[in-house]
Structure formats: C-alpha cells, structure tokens
Amino acid sequence: MKSDISGFPEFLPNEQIAFNSVMDAIRHHFELYGFVPMDTPAVERIETLLAKGNDSEIYGLYRLADENSKKSLGLRFDLTVPFARYVASHHGNMIFPHKRYQIAPVWRGERPQFGRYRQFYQCDVDIIGEEELSLEHDAEIVKLITETLRDLNIPEFSTKINNRKLLTGFLKHIIVGEKAEERIIECMRLIDKMEKMSVDEFWSDISLLKVSEKDSTKLKSFLDVDKRGKNDEILKMLKPLNFNEEFNAGVSELANVLDLLKKFDIEDRYVRISTKLARGLSYYTGIVFETVFDDVKDIGSIAGGGRYDDLTSKISADNKFVGVGASIGISRLVPKLIERGLLNCDKSATAQLLVTVQNRNFIGSYMKLSGKFRKLGIKTETYLQNKSLGAQIGYASRKGIKYVLIANDVELLDNKAIIRNLETKEQHVIRTKYMGKEVVSLLR
RNA sequence: GCGGGUGUAGCUCAGUUGGUCAGAGCGCCAGAUUGUGGCUCUGGAAGUCGUCGGUUCAACUCCGAUCACUCGCCCCA
C-alpha cells in the first residue's frame, strides 16, 4: 500500500482486488442477516458533526473551504453521526427496528501513523429501534461481527465485552463530591488506556483524582476482577458487589447478553468480559465491545461497537431512537493481512480469460468470440495492442489471468480455438460455434 | 499542536574527510526464441541527487531555510 499524500492510502491493482474481496465478504455476511445497504453524502453540516461531542474540533474535523456557500459543511469522521442525522430526517418513512449497513470512507484530520489514516473505510452495522430495542439485538450484533471475522482468513481474535453502566455505576460509587462528573470521565479514560501505561504511572494519575485510599483499594480489586478468566466466574464476583442500581443494571445486562450469545452458538472463547473497557467517551450507554487480535499487538482494535440509548436527541428532540451497532475497520485489517501473507494478492486482473489476437485483420472475430464467453458469465479481456503472442501471454501471466485463448486466422475460420491453462500448461482445442457448459467447466 | 527520522532511476537502497561518483539490485523495453508466458543469457532506456539559498576553485556530500514523506506523543478505533 502506498500513500502519496500522508494519511490517504491507495492500493495497487492486486491489493485493491484483495481489499474488495474482503469488503465483499463482509457485505455478504451483513446481508445474510438481512441488513440493508445505506449510503449518505461524504459531507454533513458542521452543526450535525459537532452534535457528537463536547469538543469543538472533534477528530480534527475537515471543513469544506467553500467561500461561495453560506452553508458550513465538513467531511464525516464516522458513519454513526450521519446515520443519526439520516434517521432524524427520514424516520417517518423507515421501518423499525431498522437494520442497515454502510461501508464507506470517513475522514479525520489527525496526524497519521501506522494503522491510522486520515481517510479510511469503516464497515458499520446498526440496528435502530423506536423508543426501545431488546437486548437480543446487542447479542445479534456481537454474533454477526464474530461470524463475519471468523469466516475471513485472519489471525486468532477475541472480543472484549463490557457494559458502560457497570463501569460508570462503579465510578459513581467511588468518586463523589466536587466536579465528580469530570473526575469520573477522567478516571474512565485512565482505566481505558491502563494497559498502555505502567502501573506506577496509572496509580499516580489516579491519585490526582482525589480517590480515597479505601476507594483505591476497591478500584484495585475491581480492576482485578476480569483477571479471573472465565466469564461465569467474573459475573459471579460482580453480582454481589451491589454498588448501586446503575451498576447492577450493567451487570445484569452483561450477564444476559453473554447468556444470549451462548444460546446463539457463539463459543466462549470469542467473547470475554473486560471490566476496563470503556471505548472512548462517545455516545455508548450500555454494552460495549471491541475485537483485537490475540497475537498481533501493533495495530489497535479491528472492530468495535456498542449500545447507545440516545442516537438522535442532539439532532432532533421529538422522537427517541435507541440503537446498537458495530464497525469493522478494514483499512487497518487488510494491510495487516497482506503483510502477513493471509490475503491472496497475486491477481492483478478480474478477467479469467484473455483472448489473444494474432491476426489483427480479424479483430472483429476475436471480439465476437470474447462476447460469447462473456455471455457464459466468464470475465473475458481481449488483447488489443499490437504485440507478439508471447508478449500477450506474458501479459496474462503477470496479471494473474489463468486462461488464454489462442487462435490464428485459419482456426477462426474453422470455428476452432485453443484454450491454454497458464498454471498447468494444459491446452484444449474447443469448437467456438456452439459453446456451452463444457467450456465453462473447462475454465474453472 | 509537539518531538525524532528520512528525501539519490518506476521500486528498495549504496555513495568514504567536499575533488572520475551519477551507482547496484529489482522492475521496464528489445533480442537470443517465426503462433505459446515464467527460467537463463545479452543489450538498452531511465535520475534538476526534494526545492531554494549560502559557504567553496569545486557541493549528492557542509550550513540555513522550506516542502514532502515517515515514526512516536497528544488524541482516537
């Protein structure tokens, strides 16, 4: 993968074909579950984009420099905010629960680095309900993401799962008093990135938040809970803690989703509780999860998502929509798969067959012949440059086109042609007048 | 926004204290190979040494600025 402008990657043809094959596989899974496609413009009104968060320059927003327009527009930095805007404006014509997917680029003006781009693709699935949405949907999303990834040829992965209520409930229990809300958010952020910090660093930062010694002890044991390993054991420890109602609701939702996942045939090894998981400070309100490779540590998460009970209130106040969704980061995933040799990248062609042209006076006949193959559903390219047969076959070989058709004028007039398999060097003479299944099976 | 690294052929890079130093491998093109690719051999094309300025008899080499890319931090999936 190359990048001519920093952070804006582009692929060579073989990589693009591989990238698209992953994208198609993901799309296929999404549609298998009945999700419908959706697209929105690359730009949104600035006020819509800013509705996501507190920060005035969220994600290094790209603003459109259009002096003639009074509208103030910017490039989307994720697919959820545009979706919220979409629901707010079209809900009258939508059917709920609404299940949609969207595979599209987003833009962020951050400094790029490895596995982090300024333009990258997200594959989002979301389920939106009016007023309420049962917990089964949360489990279904996790199941869908797990199965989608499982069916790709990727390294071992697992999904960390948590519930925001559990985390905030606990933090509300230990952090009270002045500026409690800010300190809770700061504490949640520290916990979220705890694994990146040293132990000393973490606790010295925590002490800045005026957590009492007694509560620090509680925090410590709380953080240790998910070291237990087995989800059942972790839940068994969490249940009696009974810090407050919010916490209890979180534990109960978490337990329910895990129970549903069992019923939905998602094996335990794919999902494990991580009470530290917060997933940034965004709109999540319930279940949160993110998927990482077990052994590949140098890229962040490859998928993630969660439940948000308040999708549209910042955009339109009249109706309440709740949702649960997830996103797969293929712009991170695919280069890693290519680097690891897990993604077949040796084809620079979509064609299965190259029709070579030896006698250029018969170009019309060659083109008609190509047309016959195309009608049979075989992707066929006709070689149109004036080059030797050897050069034409070399062209097919380098592009990864498996078959070539070879015919001179005599053969054309006799309705014959040679099909050569470039991998096995096998050649077959075929009759070109009436071609059917036997030719199709020959080209498999 | 902050800090480090790097800019020489299409790609990956070498280039000594400033003076035969415009180089290699890969790739590309042609031929050996007159209907049949990969392998091998032979030949060939290709670079304003990122850009601008300075020092010097002399700059790819030293200095300054600038631009670009890249890695990390902040932030974030």
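The values are calculated or read from the model by the stated rules, or taken from the named source; none is laboratory data. Predicted, not measured: the structure shown is a model, and the values here were computed from it. Don't worry about glycine lacking a Cβ; one is built from the backbone with ideal geometry, like all the others, and counts go over all protein chains shown. What goes into the accessible areas is simple: the full protein's heavy atoms, side chains included, and nothing from ligands, DNA or RNA. Shrake-Rupley method; radii C 1.70, N 1.55, O 1.52, S 1.80 Å.
Collect the residues in region A:153-208 that are in contact with an Asp or Glu (Cβ under 9 Å, 6 or more places away or on another chain) and assigned to a loop (DSSP other than H, G, I, E, B), keeping them in residue-number order.
Result: A:155, A:156, A:175, A:197, A:208.
So which of A:219, A:223 is buried (at least 18 other Cβ atoms within 10 Å of the Cβ) and at negative phi?
Step by step, each of A:219, A:223 is checked, and only A:219 is buried (at least 18 other Cβ atoms within 10 Å of the Cβ) and at negative phi.
Out of A:300, A:306, I need the residue that is assigned to a strand (DSSP E or B) and within 18 Å of the chain's Cα centre (by Cα). Which one?
None of the others qualify; the one that does is A:306.
Suppose we filter region A:327-341 for residues that are open to solvent by 40 Å² or more (accessible area, probe 1.4 Å), under 18 Å from residue A:301 (Cβ atoms) and either free of Cβ contacts under 8 Å to residues at least 40 places away in the same chain or assigned to a loop (DSSP other than H, G, I, E, B) (or both); how many remain?
2
Here's the yes/no breakdown for (1) open to solvent by 50 Å² or more (accessible area, probe 1.4 Å); (2) modelled with pLDDT of 95 or more; (3) within 29 Å of residue A:16 (Cβ to Cβ):
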position	(1), (2), (3)
A:359	no, no, no
A:363	yes, no, no
A:371	no, yes, yes
A:387	yes, no, yes
A:395	yes, no, yes
A:401	no, no, yes
A:431	yes, no, no
A:443	no, no, yes
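Among the numbered criteria (1) among the hydroxyl-bearing types (Ser, Thr, Tyr); (2) farther than 21 Å from residue A:115 by Cβ; (3) open to solvent by 50 Å² or more (accessible area, probe 1.4 Å), which one does residue A:21 miss?
The single condition residue A:21 does not satisfy is (2).
Do we find a residue being open to solvent by less than 30 Å² (accessible area, probe 1.4 Å) and within 16 Å of RNA strand B (Cβ to nearest atom) anywhere in region A:261-271?
Yes.
Quick check on my filter: what residues within region A:345-375 are hydroxyl-bearing (Ser, Thr, Tyr), touching a strand residue (DSSP E or B) at 6+ places or on another chain (Cβ under 6 Å) and assigned to a helix (DSSP H, G or I)?
Correct list: A:366, A:370.
Going residue by residue through region A:154-165, is there one that turns out to be surrounded by fewer than 23 Cβ atoms within 10 Å (Cβ to Cβ), within 11 Å of RNA strand B (Cβ to nearest atom) and not hydrophobic (A, V, I, L, M, F, W, C)?
Checked region A:154-165: at least one residue is surrounded by fewer than 23 Cβ atoms within 10 Å (Cβ to Cβ), within 11 Å of RNA strand B (Cβ to nearest atom) and not hydrophobic (A, V, I, L, M, F, W, C).
Somewhere in region A:269-292, is a residue under 19 Å from residue A:325 (Cβ atoms), among the basic types (Lys, Arg) and outside the structural domain of residue A:135 (by TED's automatic domain parsing)?
yes
Which pairs turn up if I take residues in region A:29-43 that are open to solvent by 40 Å² or more (accessible area, probe 1.4 Å) and look for partners that are at pLDDT 95 or above and not small (Gly, Ala, Ser) with beta carbon separation below 7 Å, at least 6 apart in sequence or on another chain?
A:33/A:144; A:34/A:99; A:36/A:99; A:36/A:100; A:37/A:101; A:39/A:102
Need a quick list: helices (runs of 4 or more DSSP H) entirely within region A:209-275 having at least 2 residues that are among the small types (Gly, Ala, Ser).
By residue number, A:213-224, A:245-263.
On the given criteria, is residue A:387 touching a Pro at 6+ places or on another chain (Cβ under 9 Å) and not β-branched (Val, Ile, Thr)?
Here the answer is no, as residue A:387 does not meet what is asked.
How many residues, within region A:106-125, are near RNA strand B (Cβ under 9 Å from one of its atoms), part of a strand (DSSP E or B) and farther than 23 Å from residue A:148 by Cα?
Summing the residues that are near RNA strand B (Cβ under 9 Å from one of its atoms), part of a strand (DSSP E or B) and farther than 23 Å from residue A:148 by Cα in region A:106-125 gives 1.
Considering each of A:255, A:278, A:249, A:303 in turn, give the residue that is among the aliphatic types (A, V, I, L, M) and either closer than 30 Å to residue A:15 by Cα or open to solvent by 50 Å² or more (accessible area, probe 1.4 Å) (or both).
Checking each option against the conditions leaves just A:303.
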